[in-house]
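Below is one structure, written out as structure tokens; comments come after it.
The values are calculated or read from the model by the stated rules, or taken from the named source; none is laboratory data. Owing to the predicted nature of the structure, the values given are computational and were not obtained by experimental measurement. Cβ sites come from the backbone with ideal geometry, for glycine too, and all protein chains shown count toward neighbours. Accessible surface is based on the protein model in full, side chains and every heavy atom, while ligands, DNA and RNA are left aside. Shrake-Rupley method; radii C 1.70, N 1.55, O 1.52, S 1.80 Å.
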Amino acid sequence: EAKQAGKKTFYYFVPQLEKVALDRIDLESRLRNGIKNNEFFLMYQPKVDVSTGQVVGAEALIRWRQSDGSIATPNEFIEFAESTGLIHLVTEWVVDRVCRQIVAWNNESSHQFPIAINISPKDFTNDQFVELVAGIVHKYNIPHGQLEFEITENVFMKDTDHSRKIVRQLRALGVLISIDDFGTGFSSMSVLLDLDVDYLKIDKTFVSYARNNEKSAAIVKSIIDIARNLSVGVIAEGIEDQKDLYFVQNAGCNVAQGFYYSRPISLEDFEQYVERVNMQFSAYMG
Ligand code: C2E
Ligand code: MG
Ligand code: MG
Ligand code: MG
């Protein structure tokens, strides 16, 4: 009787476990091969000066082209890459690709603004991380202030001293540091106390609730005040329409990012976007 039930359970569970394990191995090798085979690419989303409409920066966001033609977004694979350690390869690829793009723009275009990369908290636990970044920054001879790293407060949850040291070393290489999703972590204020950072990015959840919710509105205004008082730049993310824009503008925020201006777009579309708004700006300035 018991043996029977046991058998039944056995029969029921094993194929599923096998499938999960297989999926992981499969995904791991597909990720490794994907990097080698150029299946990854970057989309760019402009960061815009709200008073002029000019592009003052960009965020590079990773995508993964699948063999069936579909595109995987970071939510579908970054966590997996983090849990397997493959994130280091992904980050290395992104840093290299963005630095190469910075050089290309410096040679071919008139614009010069920082390009931001999202850095995983797991990158901070990689002993070779700073060395790796230094190698790429020197290989391409990246001017100070053109490469930006967006990190979240989670980076400082464990071993704060170590993380502080890494941030100092990155800044010494000329890398700008932004705190992404600011206000959603557990240590927002201590991060500001302990670190020199260049920008705070106000998380889009605060922005999107702000116009209907007094508390969110107060939080957004306060973050902008804090940033001002500390001489740190502040960016509002997730601006989806004109009402969002008016709100953050009235609250004193000068730079915004979101679907209202542009979704993340291909390199070619991004270059056209910059050309268009910068031309409008020059025409407007006479
Ligand atoms: P994030 O850094 O906070 O990036 C913002 C995300 O919000 C992006 O999603 C972007 O497409 C989306 N977004 C931008 N404007 C708006 C808006 O107005 N409304 C709404 N609802 N969403 C908006 P995406 O590209 O899917 O990236 C999601 C997250 O994945 C990013 O959040 C970032 O944490 C991570 N990520 C993206 N690229 C990379 C990468 O190269 N490396 C690592 N480690 N993480 C990455
Ligand atoms: Mg980001
Ligand atoms: Mg964000
Ligand atoms: Mg986010």
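The rows are residues; the columns are (1) out of contact with any Leu (no Cβ under 8 Å at 6 or more places or on another chain); (2) modelled with pLDDT of 95 or more.
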{"position": "182", "(1), (2)": "no, no"}
{"position": "186", "(1), (2)": "yes, no"}
{"position": "205", "(1), (2)": "yes, no"}
{"position": "221", "(1), (2)": "yes, no"}
{"position": "227", "(1), (2)": "no, no"}
{"position": "236", "(1), (2)": "yes, yes"}
{"position": "252", "(1), (2)": "yes, no"}
{"position": "262", "(1), (2)": "yes, yes"}
{"position": "267", "(1), (2)": "no, yes"}
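The residue of the range 120-143 that is farthest from ligand 1 (Cβ to nearest atom), among those that are closer than 25 Å to residue 80 by Cβ and outside any helix (DSSP H, G or I), is 127. Across the range 144-166, the qualifying residues are those that are part of a helix (DSSP H, G or I) and within 16 Å of ligand 2 (Cβ to nearest atom), and the one among them that is nearest to residue 99 (Cα to Cα) is 155. Against the test of being over 20 Å from the mean Cα position of the chain (by Cα) and either under 28 Å from residue 191 (Cβ atoms) or free of Cβ contacts under 8 Å to residues at least 60 places away in the same chain (or both), the options 163, 67 yield a single qualifying residue, 67. Here residue 205 meets the list (1) within 16 Å of ligand 2 (Cβ to nearest atom); (2) surrounded by 19 or more Cβ atoms within 10 Å (Cβ to Cβ) almost entirely, failing just condition (2). The number of residues in the range 164-184 that are over 20 Å from residue 253 (Cβ atoms) and within 16 Å of ligand 1 (Cβ to nearest atom) comes to 3.
Residues in the range 239-272 that are in contact with a Lys or Arg (Cβ under 7 Å, 6 or more places away or on another chain) and under 15 Å from residue 54 (Cβ atoms): 255, 257. Applying a threshold of 8 Å to beta carbon distances and a minimum spacing of six or more residues, or different chains, the list of pairs starting in the range 241-261 at a residue that is closer than 16 Å to residue 226 by Cα and open to solvent by 50 Å² or more (accessible area, probe 1.4 Å) and ending at one that is at pLDDT 95 or above and charged (D, E, K, R) reads 254/49.
If you check 111, 138 for being away from ligand 3 (no atom under 16 Å from the Cβ) and in contact (Cβ under 8 Å) with a residue 12 or more places away in the chain, only one passes: 111. Taking the range 35-57 as the range and being within 16 Å of ligand 4 (Cβ to nearest atom) and surrounded by 21 or more Cβ atoms within 10 Å (Cβ to Cβ) as the test, the residues that pass are 45, 47. The C-beta contact set for the range 114-126 (first residue within 16 Å of ligand 4 (Cβ to nearest atom), second residue open to solvent by 30 Å² or more (accessible area, probe 1.4 Å), distance under 6 angstrom, 6+ apart or interchain) comprises 120/82; 121/154; 122/82.
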